[in-house]
Amino acid sequence: MMNHALRTLGAGLLAIVCGSFVAGRAFAQSPTVLADQPVFGSVDVPGNMVFTLSVEFPTALSIANYGNYDDTVSYYGYFDPLKCYTYLYNSTTPASSYFEPEAAGSGTNGHFCSGQWSGNFMNWATTQTIDPFRAILTGGYRSVDTTTQTILEKAWGSNQGGLNNFPNRGTSEPNNENISGSLIPYLTPFSNWSNWDSTIWN
C-alpha cells in the first residue's frame, strides 16, 4: 500500500514538473517587447544608461602610462600623440593658459616636435588614470567650455599616497621612470637641455 502510494505521488510530481517545463518552454518562446524609450510623452528620446561608479584613491591620482618613455608607443591622454603643441600663457589669468596644437609630429613614429611640446611625451609625463576615465565617459574635464573654446584640464595631483602612485619622471635619478636625455630636444621646446625632471604628486 505504501509503495503504491509513493509510486502514485511520484508519478503526480513528475506530471507536474513535466507540465511546468512544457509550459515554461512555451512561455519562453513567446515574444516580449521591452520599452527602450519613455512610456509616456510624445518626445522621441533615445535609450540611455546610468553608471554608478566608484572612483576614489588611488584611481584618481595614479599613473596612467607606465614604464620608461618609449617612442614606439603612443601614450593615451588628453593630447593627440601625433601632434606638436605650443603653450599659450595668459599672464592676466594664468589659470586660462593652455597648450594649443600647432603641427603634425615628425620622426619615425610621428612623435618628434622641434621647438614644441610632443603630445605623446606630455601624455606619458602627465596623464593620471582619472583623465582617460573622464575622457571616455564625458570627453574630459572642461575647465572652459563655451561656443567658441573648450579647454580640457588634467586631474589635480593631490598629496594622497606618494610616489608609488605617480612616480617622478625625467632623465636623472632618483626618478622611478625615465626618458633618455637625447630625446628631450625632440619632444620639448628645450633644444639645449639634456636633463629634464618632473613630478605630479603633491
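Quick note: the coordinates plus some simple rules give every number you see, no bench work behind them. Nothing here was measured: the structure is a model prediction, and the numbers come from that model. Positions of Cβ are backbone-derived with ideal geometry, glycine not excepted, and every protein chain shown enters the neighbour counts.
For segment 54-96, filtered to residues that are aromatic (Phe, Trp, Tyr) and in a strand (DSSP E or B), the residue that is surrounded by the most Cβ atoms within 10 Å (Cβ to Cβ) is 85.
In a residue-by-residue description of segment 168-177, the property of being in a loop (DSSP other than H, G, I, E, B), buried (at least 19 other Cβ atoms within 10 Å of the Cβ) and in contact (Cβ under 8 Å) with a residue 60 or more places away in the chain applies to no position. Of everything in segment 83-100 that is among the aromatic types (Phe, Trp, Tyr) and farther than 12 Å from residue 119 by Cα, the residue that is farthest from the chain's Cα centre (by Cα) is 89.
If you go through segment 118-136 one residue at a time, do you hit one that is in a loop (DSSP other than H, G, I, E, B), without any contact (Cβ under 8 Å) to a residue 60 or more places away in the chain and over 21 Å from residue 72 (Cβ atoms)? Scanning segment 118-136 turns up no residue that is in a loop (DSSP other than H, G, I, E, B), without any contact (Cβ under 8 Å) to a residue 60 or more places away in the chain and over 21 Å from residue 72 (Cβ atoms).
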